[in-house]
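Q: Take a look at the following structure, please.
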Amino acid sequence: MKSNYKQLGQFIRQVDVRNSEGKEENLLGVSVQKKFIPSIANTVGTDFKKYKVVKKGQFTYIPDTSRRGDKIGIALLEDYEEGLVSNVYTVFEIIDEKQLIPEYLMLWFSRPEFDRYARFKSHGSVREVMDWEEMCKVELPVPPYEKQKEIVDGYKAITERIALKQKINDNLEAQANAIFSSSAPDFIDLQPIHNFGTVITGKTPPTSVAEYYGNDIPFIKTPDMHGNVYITSSEGSLSKEGADSQKNKYIPENTVVVACIGANAGEVALTSYIAQTNQQINAIISKYPCFLYFSIKAHTAELRTLGEGSSTMININKTSFENYEIPTPSDNTLQQLEHKLSIIFSAILHNLQEIDRLNETKDLLVTQLSR
């Protein structure tokens, strides 16, 4: 053990308060994103008196780690004064918050290294669990209270800044949508999507060729769209060699990308960099990306019907997609509308890029806890 490390067990204790009054409000679960979420458990015929009470400032974790991939479900209750969790969960609290601040401990739990540690320390034949004894053996640095508070305050400042930027972006998108909607009476014509630019369906280079994958060209998949106006990061990437093996699949920044397969079909976003996409995405290279963004969002349900058929999964093929007609104004009105929208979209992108930088700083702060 490092000299400044201490075992967690000396700072925490289990809490087992049952819901004796049989309340049914604030039933909570714990996600692998380490957040409390509304419970989705089937509660028909449930005896709610068996549920455990978790209070603000207390932790809950799911000992069973075998069904959650590489992550452990653990969270600190901050958004409610009180909640209810399953009796198979473990609730615990810090004995003395002047010795260990709850938010500081939660930062330690947020580290990827802790997830790996929890999986390594889990054991069992039918299902693997990280029991209370193993939790108490967790070793972590426990600096003086003032240093813990400094770290926690810095982390909170970053998260609050991120939340502010996200709220500003929500307002900006709503403003842009209002401008688009107010122009709708001028949409007096119908034009197919291919009239607005070049439509490209993405493709995945052979995964058997290791040299085709690297860190040169972002490779966008539907999860990367994650509900934002712009895609500013992607989980996957190709090497220059891999991307050049399908040069006709390059798309520039401000390309409209639309998911065309599965549950996310019809979801739309814009690119913020040169990239390629996989085959589950149709892309439109256009002079009118902002107009197309809102037009496609307004017709998501209709677009999804194009992909419904004998297949068990929605699949909007390129021909159906590019021939889909959307209401369109005159060229002059379209240009004016695109100009107004592009100013707002530029501000949204700037905020998203700042959010990315703030998230990098936040992640760096968490990784440095072990130093």
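Q: What residues have an amide H closer than 5 Å to that of Val15, excluding those fewer than 5 places away on the same chain, when H is modeled at 1.01 Å from N in the peptide plane?
A: The answer is Val91, Phe92, Glu93.
Q: Between Gln353 and Glu235, what length comes free when the chain is fully extended (0.36 nm per residue of separation minus the Cα-Cα distance, one decimal in nm)?
A: 40.9 nm
Q: Hey, can you grab everything whose amide H is under 5 Å from the amide H of Ser237? Only 5+ residues off in sequence or another chain; H modelled, so Pro and N-termini drop out.
A: Gly214, Phe219
Q: Enter the accessible area per residue of the chain (Å², integer; probe 1.4 Å; all protein chains in place).
A: 52
Q: A further question follows. From the helices alone, meaning DSSP H stretches of at least four residues, give me the mean residue ellipticity at 222 nm for the chain, per-run term -39500 (n - 2.57), in deg cm²/dmol to the nearest 500.
A: Taken over the chain, the calculation gives -11000 deg cm²/dmol.
Q: I need to check one value: relative contact order of the chain, counting alpha carbon pairs closer than 8 Å and at least 6 residues apart, in percent.
A: Averaging sequence separation for qualifying contacts and normalising by length gives 16 percent for the chain.
Q: Please tell me the relative contact order of the range 284-346 in percent, rounded to the nearest whole number, where contacts are Cα pairs under 8 Å and at least six residues apart.
A: It rounds to 41 percent for the range 284-346.
Q: How large is the dipole of the chain about the Cα centre if only Lys and Arg carry +1 and Asp and Glu carry -1, each at its Cβ, rounded to the nearest 20 debye?
A: On the way: 41 positive and 48 negative charges, 175 e Å.
That gives a dipole near 840 debye.
Q: Also: Would you mind checking which residues have amide H under 5 Å from Val142's amide H? H placed 1.01 Å from N; only 5 or more apart, or other chain.
A: HN-HN under 5 Å from Val142: Lys6.
Q: Let me ask something additional. With a 1.4 Å probe and all protein chains kept in place, how much accessible area does Lys2 have, in Å² rounded to the nearest 10?
A: Near enough 120 Å² of accessible area.
Q: Past the 32 Å Cα-Cα mark, which pairs from Lys287/Lys362; Lys165/Lys203; Lys23/Lys137; Lys221/Lys287; Lys156/Lys203; Lys55/Lys362?
A: Check vs 32 Å cut-off fails for Lys287/Lys362; Lys165/Lys203; Lys23/Lys137; Lys156/Lys203.
Q: Right, here's the next one. Given the options Tyr117, Tyr230, Tyr104, which has the most mean-square fluctuation in a GNM of the chain, springs set between C-alpha atoms less than 10 angstrom apart?
A: Tyr117
Q: Follow-up question, since we're still on this one. Using a 1.4 Å probe on the protein heavy atoms only, what accessible surface does Asp47 show? Give it in Å² to the nearest 10.
A: Here the accessible area works out near 80 Å².
Q: Using a 1.4 angstrom probe with every protein chain in place, what is the largest-first accessible-area order of Trp132, Trp108? Could the numbers behind the result be given before it?
A: Working: Trp132 60, Trp108 15 Å².
Greatest to least solvent exposure: Trp132, Trp108.
Q: With each label point set 7 Å from Cα along the Cα-Cβ vector, what nm distance links Glu82 and Lys340?
A: 5.2
Q: While we're on this one: If the chain between Ser181 and Gln10 were fully stretched, how many nm would it gain, using 0.36 nm times the residue separation less the Cα-Cα distance?
A: 55.6 nm is the gain from fully extending Ser181 to Gln10.
Q: Rounded to the nearest 20 debye, what is the charge dipole size of the range 128-268 about its Cα centre when +1 sits on each Lys and Arg Cβ and -1 on each Asp and Glu Cβ?
A: Around 420 debye, computed over the range 128-268.
Q: Could I have the simple spin-label model distance between Gln99 and Ala163, label points 7 Å from Cα toward Cβ, reported in nm to one decimal?
A: 3.0
Q: A further question on this structure: Please compute the length gained on full extension between Met313 and Asp153, using 0.36 nm multiplied by the number of residues separating them and subtracting their Cα-Cα distance.
A: Stretched out fully, the Met313 to Asp153 stretch lengthens by 52.9 nm.
Q: Ok, one more. Match the structure shown to one of the listed values (i) 66, 44, 40; (ii) 64, 47, 41; (iii) 70, 49, 43 of Cα extents along the principal axes in Å, computed from it, and give that label.
A: (iii)
Q: Have a look at Tyr104, Phe180, Ser342 and report the one farthest towards the positive end of the charge dipole of the chain, computed about the Cα centre with Cβ charges (Lys/Arg +1, Asp/Glu -1).
A: Farthest towards the positive end: Tyr104.
Q: Could you pull out which residues in the range 155-175 have an amide N less than 17 Å from a spot 7 Å beyond the Cα of Leu364, following the Cα-Cβ vector?
A: From the range 155-175, the list is 155-159, 161-162.
Q: Turning to a different aspect of this structure: Give me the accessible area of Asp153, 1.4 Å probe, in Å² rounded to the nearest 10.
A: Near enough 70 Å² of accessible area.
Q: Within the chain, which complete DSSP H helices have Cα atoms spanning at least 15 Å along the helix axis and a mean Kyte-Doolittle hydropathy of -0.5 or higher?
A: In the chain, the long hydrophobic H runs are 331-367.
Q: For the chain, what % of the accessible area comes from carbon and sulfur atoms, probe 1.4 Å?
A: 48
Q: Normalised by the number of residues in the range 173-265, what is the relative contact order in percent for Cα pairs under 8 Å and 6+ residues apart?
A: Numbers: 67 pairs, mean separation 22.5, N = 93.
About 24 percent, as a whole number.
The values are calculated or read from the model by the stated rules, or taken from the named source; none is laboratory data. The structure displayed is predicted, hence computed values, not measured ones. Cβ: placed from backbone, ideal geometry, glycine included. Neighbour counts: every protein chain shown. All accessible areas refer to the heavy atoms of the entire protein, side chains included, with ligands and DNA or RNA removed. Shrake-Rupley method; radii C 1.70, N 1.55, O 1.52, S 1.80 Å.
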